[in-house]
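> Got a structure for you, questions after.
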Amino acid sequence: MTATNRKFTTALLLFITALGCAPPPPPLEPEPVDSAGAESAEPAHDIVGEELDYESGGVKLKGYLAWDRKQQGPRPGVLVVHEWWGHNEYVRTRARQLAEMGYTALALDMYGEGKNTSHPADAKKFMTEALSNMDAMRARFEAALSVLTAHESTDPQRSAAIGYCFGGAVVLNMARAGVDLDAVASFHGSLGAAKPAAAGSITPKLLVLTGAADPMVPPDAVAAFEQEMRFAGAQLELVSYPGAQHAFTNPAATEAGAAHKLPLKYDAAADADSWKRLDALLKATFAQPEPSAEQKAAAAAAAKNRGDFARMEAESAAEAARLADPEVKAKIAELAKLEPKSTAAALKKLLPSPHRQPGHAERDAHRHPKKTLAFFGVKPTSTVFEQGPGAGWYTELLAPMLAAKGRLIVDSGDAAGSPEKRSTLYAKRFKNLIDRAPELYGKVQVVTVGDPAKPALGLDGTVDVALVIRQAHNWQRSGSTAAWLAEIHRSLKRGGVLGVIDHRAADGETPEQAAKRGRLSQKAFIAEVEAAGFKLQRKSEMNANPKDTRDHASGVWTLPPTLKLGEQDKEKYLAIGESDRMTLKFVKVEKKAPKAAPTEVSQKAGDEPAATSDQAGASKPAKPAAAPSAPAAKPADAPAPAAKPAGGAPTPPAKPTGGAPAPAAAAKPAG
């Protein structure tokens, strides 16, 4: 222990021993409650008080952490350092007050084992032990700070400390020592220094609140402290309350002063004003800029997502319990052995099955799964990619049907992401579906798409049918239509099918207007898909709904199953039913490559132009050629094998009559 530390310790011991601070006040009486409507009023706060055990240097310490469970997001943390009495109810009360103000507060333990007392002799002993090792005191303070900043409710980048009497001296010396704090407040604490602050060494904002009538902090001590802080360049606010004596913030001080004949006295005005100044200090220190409209909207959306996520998890748990029923489990076991010969045979067993989620069967009348899957050519042997499976309405039908001889692939987001993100909710909901019945869904291949704007499926040329059911409008809203069409084109086999069902926009709406309503302009969408290397083969009105006027104020979500307006006009929208939907069947064709100059073409004899095979296989069935000249059904203008000149020197392919380059002439299938 240095000589400077010994002097400080001796001074502080004399200060607190003579004065005694004030004994811990009795527990606060609950405030009277207005009985009129009190039971129905929602409390403004939900303060959680946690008992914490931590340690420093092998010494077990006990803290009390208070925070408001109703407050969202991380908030600044505030350490509260006790008087010489130790960690008692008074310091815990201050921690709860700070929690109500919007902070996470930790009432720490400087003595170890949570020791506290109401007898001055014991208090002197505890404090003497603590002050005998200033390095250990700092270590205990920093251990508490680490606990505070590590808590889930705390923003680790924003922290402060306040202290009373002995605690006031501690927090000031932690500021002098360079502990990482943003603000420090001392209430009727000693101003003496273990080591005077060096120039520029104090970074936190300081608030010092003292009593002008406190004999243990006389005017010369205040003046010396102010001079020290000026030299250090500290940001200091010092308030000396006229007539206020020591322990002026403690309601038990007056009684203690009379009992021990000490100049202790509670001062309600000084107590209230000092707390207001602390409030102002913390607000100024941790002030956040007024959030923008976008930030407010994002915060509201995040809060809604958290609530929806919790509800989804509860619904998933209830559904898992339902599937555990012996009769339902027996039906699932039966479906797991399904080897259907046709789609119709599979759906005959699947549509009435209890494995489907509650409410799903009722939507069959609006969604026509038998006709829809037949229209798109889905068979039990197909490899199917389902984009954006949502709650799994079609997955419940496709997975069991394809399990034996086919293959089902779906895309999903990160189920382990933040519950504040909508994508996490959808991904976790789908994962719960898969996990509930592994007998039915164990063979489903789930591809995680990290960035929906840049999908990468890794399915190149392996998919027979890609189903995009009520998802393309989301592409339009996010600006990812081109990216998804390109990836699906890459994933499909030659002649593969892209089946699209989506909410149809009102006639005359632009794509941008339609997207806001969750709908698509049919004409514009078809043109966009065909430009991406597909050809519209067929369209159907099987999922149309002429009752849907397509102009609802809350968009397509006004209608069932969402019913965004709740009970407002609910019967009206139920009578309309689900949205008017387009049903479009596209086939994959090769994208037309830019025409190249004849001198740049280097095509080996016997090769077919790249576009020919896909176009022949993906377009409408070719009519038989009137007079085929060879067994192979090559385009009439395909280069012949004998086109290599004598000697084997390569030459550009011969131009057809009329001078058009050979690749361009191959753009149309033979016949």
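The values are calculated or read from the model by the stated rules, or taken from the named source; none is laboratory data. In this text the structure is predicted, and so the values were computed from the model without any measurement. Cβ placement follows ideal geometry from the backbone for every residue including glycine, while neighbour counts extend to all protein chains displayed. Note: accessible area is taken over every heavy atom of the protein model, side chains too, but ligands, DNA and RNA are not part of it. Shrake-Rupley method; radii C 1.70, N 1.55, O 1.52, S 1.80 Å.
> Between segment 65-142 and segment 456-508, how many Å separate their Cα centres?
Rounded to whole Å, the Cα centres lie 60 Å apart.
> If R₀ is 51 angstrom, what is the calculated FRET efficiency for the pair Trp557 and Glu113, using the beta carbon separation as r and rounding to 0.05?
Values: r = 59 Å, r/R0 = 1.15.
About 0.30, to the nearest 0.05.
> Treat each spin label as a single point 7 Å out from the Cα along the C-beta direction, and report the Ala416 to Lys443 distance in nm.
2.8
> Give me the distance in nm between label points sitting 7 Å out from Cα along the Cα-to-Cβ direction at Ala224 and Lys523, one decimal.
9.0
> So which trypsin sites (Lys or Arg not before Pro) in segment 340-397 end up in coil per DSSP with only 14 or fewer other C-beta atoms within 10 Å? Show your work: numbers first, answer last.
Numbers: sites: Lys341, Lys348, Lys349, Arg356, Arg363, Arg367, Lys370, Lys371; in loops: Lys341, Arg356.
Of the trypsin sites (Lys or Arg not before Pro), the ones in loops of segment 340-397 whose Cβ has at most 14 other Cβ atoms within 10 Å are Lys341.
> Ignoring ligands, DNA and RNA, what percent of the accessible area of segment 482-568 is carbon or sulfur (1.4 Å)?
50
> To continue, here is another question. For segment 93-237, report the accessible area per residue in Å² (1.4 Å probe, heavy atoms, rounded to an integer). Could you put the intermediate results ahead of the total?
Working: 5370 Å² over 145 residues.
Per residue, segment 93-237 has 37 Å² of solvent-accessible surface.
> Quick check for you: which residues of segment 430-452 have the amide N under 17 Å from the point 7 Å beyond the Cα of Arg311 toward its beta carbon?
430
> Given the C-alpha centroids of segment 406-452 and segment 146-164, what is the distance between them in whole angstrom?
Computed from Cα coordinates, the inter-centre distance equals 37 Å.
> Hey, got a sec? Which trypsin sites (Lys or Arg not before Pro) in segment 242-293 land in a DSSP loop and have at most 12 other Cβ atoms within 10 Å?
Filter output for segment 242-293: Lys261.
> To the nearest 10 square angstrom, how much accessible area does Val147 have with a 1.4 angstrom probe?
Accessible area, nearest 10 Å²: 40 Å².
> So how much slack lies between Ala212 and Arg322, counting 0.36 nm per residue of separation and subtracting their Cα-Cα distance, in nm?
Full extension of this stretch gives 32.4 nm more.
> At 7 Å along the Cα-to-beta-carbon direction for both His45 and Ser132, put a label point, then send me their distance in nm to one decimal.
3.9
> Further question on the same structure: Between Glu152 and Lys276, what FRET efficiency follows from the Cβ-Cβ distance if R0 is 30 Å, with the result rounded to 0.05?
So the FRET efficiency works out to roughly 0.50.
> At 1.4 Å probe radius, can you tell me the per residue accessible area of segment 443-557 in Å²?
On the way: 5260 Å² over 115 residues.
It amounts to 46 Å² per residue over segment 443-557.
> Pairs to check: Lys60/Lys195; Lys348/Lys535; Lys337/Lys443; Lys205/Lys276; Lys371/Lys539. Give those whose C-alpha atoms are more than 24 Å from each other in this structure.
Over 24 Å apart, Cα to Cα: Lys60/Lys195; Lys348/Lys535.
> In addition: Express the Stokes-Einstein translational diffusion coefficient of segment 339-496 in µm² s⁻¹, to the nearest whole number, given a Kirkwood radius over alpha-carbon pairs, 37 °C and a viscosity of 0.692 mPa s.
D = 204 µm²/s.
> Roughly speaking, what is the stretch gain from Val239 to Ser478, that is 0.36 nm per residue apart minus the C-alpha to C-alpha distance, in nm to one decimal?
80.4 nm
> Counting only protein heavy atoms and a 1.4 Å probe, tell me what percentage of segment 81-204's accessible area is made up of carbon and sulfur.
Within segment 81-204, the accessible surface is 46 percent carbon and sulfur.
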